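S.K.: Let me give you the structure first, and then I'll get to my questions.
The values are calculated or read from the model by the stated rules, or taken from the named source; none is laboratory data. Predicted model only: the values in this text are computed from it and were never measured. Cβ placement follows ideal geometry from the backbone for every residue including glycine, while neighbour counts extend to all protein chains displayed. Protein only, heavy atoms only, side chains kept; ligands, DNA and RNA dropped before computing areas. Shrake-Rupley method; radii C 1.70, N 1.55, O 1.52, S 1.80 Å.
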Amino acid sequence: MIVDVKKLNQPEWIAAISAFGGGLLIHLFGLVHIIHNTDSINYQFTGYGTGAASGRWFLQFLGNFFFRHRMNYNLCLFNGLLFIVFIALSSAFIVSIFHIKSRQLAALLGLLLISFPTVCSTMLYKFTSAFYGLAFFLAVLAVWVLPRWKIAGLLISACLTTLSLAIYQAYLPVTASLFVLQLLLETLETNHSFSSFFRRGMYACLSIILGLLLYFICTKIILASLNLSLNAYQGIENMGKLSLAQIPELIGRTYSGYFRLAFSNYCNLSPNILLNLSYGFLLIIHPIVLVSASINKNKKKTTLVMAFFLWLIFPIAVNLIELMCPESRIYTLMVFGCVSVSLAPLILLQTLPQQYKQTKLLYKVTAWVVLIMIVGNTYFTNLTYTKSYYVNRQVENYFSSLITQVRMTKDFTPELKWAFVGEISDPLIDNPWQAVTVYGGTNSTEETLSAYSWQRWFRAYQGYAIPLADSKQIDDIMQTQAFRTMPCWPAEGAIKVIDDVVIIKFANELPAK
């Protein structure tokens, strides 16, 4: 048999099955509907996103490899399923990392992971979601591998971290936060000396440092060989460059984001009061479990210091992205490390004596809070898909109407080139879903109509390849009296043929570059 059925009852399999089955239900809308954001439509019908120029050289290698074998298309169902498979596998390895024995706990962990908002956000980038799923899996595997061998484990873990970074840099906080949780669990469960725990912690730090070092070396070599430099988008060219003066502020931002989960909608992870309260409860549980486990197991003072120190640095590990990309706008796609905030109570509660009624009660309450979070995440995930769906349809219909009006313009012929002047600003555009908070995707219909990838909508949905005028032609026409007297869209006369160019006038001047 391909799978030993007897093993399906083990916690690792339970977590994987729970994540995969839950993923099919939670993300069903996104799997069976073609939904684009401004990036996804840009890579229609194939592509993988930015590669070596964004420091993602392994993503470029994988993307090019699969493209050569005709396996790198922007497919919602196939790519989405692959991503879910990688998250399911990752949940099994997380169960193994923390030696979780409870099947119910493993099932909760799998559902929590697959329902986390970053999963929904990533699903909207279907053209690269499978690769990002692999990056997440490698980030988790780096933690699983390290304690299993000595030198070999260190080297393999560092290499896995490097490859994960070379697909998508934002998953390093996943590795860091899992390492901290792993050390914290060992500190509470075992009676090793302080020096033993300290060496173990340094070993984990060395794994991450080696992974980063190898990543930066490989990045420099590959960029030089391709005659490229890191691009300026989201401050990528300054990634890893920190001044001492910046560090206190950035560390403050990691703590701020950590605690804001309970009080505000940090990166859209907690869009309503119920999720705020859930995060607040879980954040309170962390120190309660630490103190309770320490008292019950009569820990040495030095061991308690180690546990307290790990708890203090946990928010930094969770939000390490703030230190990695100080100039970036941090958003839902980039904060998968925050899932550790919800995982931590489920993992650390194992350290409490299970025979006590208080422990059982705390377990039940925590499990219910986690279930509330799973339901809440699922609700807002489908809200995100629904809003994105309607934005897509509105953009599609709007451009269809625009093409119709252009083709009905006096003196229009198919041979003429088109010129779009300015960005669309139509007071009649309205979307009833506009104010809805979502996990990424398309922010609004109007923004999407003027986004950098607007031409892809014409080709993908209208089947119309527009011949565009060059910048000199546009500049010359903008100096003419005929152009100056034209009203702006959507007023009548905003489309006109001037000097054998179809002018669609959205504004009196071109947008600033």
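S.K.: Assess whether ILE208 counts as being loosely packed, with under 13 Cβ neighbours inside 10 Å, more than 20 Å from the chain's Cα centre (by Cα) and modelled with pLDDT of 95 or more.
M.R.: no
S.K.: Select from the range 57-115 the residues that are in contact with a helix residue (DSSP H, G or I) (Cβ under 7 Å, 6 or more places away or on another chain), among the hydroxyl-bearing types (Ser, Thr, Tyr) and farther than 28 Å from ARG148 by Cα and list them in ascending order.
M.R.: Answer for the range 57-115, where residues must be in contact with a helix residue (DSSP H, G or I) (Cβ under 7 Å, 6 or more places away or on another chain), among the hydroxyl-bearing types (Ser, Thr, Tyr) and farther than 28 Å from ARG148 by Cα: just SER115.
S.K.: Taking ILE474, is it open to solvent by less than 70 Å² (accessible area, probe 1.4 Å), at pLDDT 90 or above and assigned to a loop (DSSP other than H, G, I, E, B)?
M.R.: Considered against the rule, which asks whether it is open to solvent by less than 70 Å² (accessible area, probe 1.4 Å), at pLDDT 90 or above and assigned to a loop (DSSP other than H, G, I, E, B), ILE474 comes out as no.
S.K.: Another question, then. It is to be established whether one or more residues within the range 118-137 are of a type in the set (Phe, Trp, Tyr), crowded, with 24+ Cβ neighbours inside 10 Å, within 14 Å of GLY23 (Cα to Cα) and out of contact with any Asp or Glu (no Cβ under 9 Å at 6 or more places or on another chain).
M.R.: Scanning the range 118-137, I find no residue that is of a type in the set (Phe, Trp, Tyr), crowded, with 24+ Cβ neighbours inside 10 Å, within 14 Å of GLY23 (Cα to Cα) and out of contact with any Asp or Glu (no Cβ under 9 Å at 6 or more places or on another chain), so the answer is no.
S.K.: Of the conditions (1) assigned to a helix (DSSP H, G or I); (2) open to solvent by 10 Å² or more (accessible area, probe 1.4 Å), LEU230 clears all except one; give me its number.
M.R.: (1)
S.K.: Scan (1) open to solvent by less than 70 Å² (accessible area, probe 1.4 Å); (2) more than 24 Å from ASN382 (Cβ to Cβ) for the single condition VAL436 breaks and write down its number.
M.R.: (2)
S.K.: From the list GLY280, GLY337, pick out the single residue that is within 20 Å of the chain's Cα centre (by Cα) and small (Gly, Ala, Ser).
M.R.: Going through GLY280, GLY337 in turn, the sole match is GLY337.
S.K.: Can you tell me which residue in the range 441-471 is surrounded by the fewest Cβ atoms within 10 Å (Cβ to Cβ), limited to those that are under 28 Å from the mean Cα position of the chain (by Cα) and not in a helix (DSSP H, G or I)?
M.R.: Going through the qualifying residues, I end up with TYR452.
Here's the yes/no breakdown for (1) touching a helix residue (DSSP H, G or I) at 6+ places or on another chain (Cβ under 6 Å); (2) of a type in the set (Lys, Arg); (3) part of a loop (DSSP other than H, G, I, E, B); (4) more than 19 Å from LEU28 (Cβ to Cβ):
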residue: LEU362; (1), (2), (3), (4): no, no, no, yes
residue: ASN377; (1), (2), (3), (4): yes, no, no, no
residue: ARG393; (1), (2), (3), (4): no, yes, no, no
residue: GLN405; (1), (2), (3), (4): no, no, no, yes
residue: GLU415; (1), (2), (3), (4): no, no, yes, yes
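S.K.: I need every pair where a residue in the range 471-493 that is aromatic (Phe, Trp, Tyr) has its Cβ under 9 Å from the Cβ of a residue that is in a loop (DSSP other than H, G, I, E, B) and open to solvent by 60 Å² or more (accessible area, probe 1.4 Å), sequence separation at least 6 or different chains.
M.R.: Cβ pairs passing all conditions: PHE483/ASN508; TRP489/SER425.
S.K.: Looking only at the range 184-200, how many residues end up being out of contact with any His (no Cβ under 9 Å at 6 or more places or on another chain), open to solvent by 10 Å² or more (accessible area, probe 1.4 Å) and assigned to a helix (DSSP H, G or I)?
M.R.: Qualifying residue count for the region: 5.
S.K.: Output the number of residues of the range 35-60 satisfying the condition of being modelled with pLDDT of 95 or more and surrounded by fewer than 17 Cβ atoms within 10 Å (Cβ to Cβ).
M.R.: 0
S.K.: Another question, if that's okay. Which helices (runs of 4 or more DSSP H) does the range 252-329 wholly contain that include 2 or more residues that are more than 24 Å from ILE208 (Cβ to Cβ)?
M.R.: It comes to 273-296, 301-318.
S.K.: Got a sec? Which of TYR48, TYR43 is touching a Ser or Thr at 6+ places or on another chain (Cβ under 6 Å) and of a type in the set (Phe, Trp, Tyr)?
M.R.: TYR48
S.K.: Filtering the range 376-423 down to residues that are open to solvent by less than 30 Å² (accessible area, probe 1.4 Å), of a type in the set (A, V, I, L, M, F, W, C) and under 31 Å from the mean Cα position of the chain (by Cα), which residue is nearest to PRO487 (Cα to Cα)?
M.R.: So the residue we want is PHE399.
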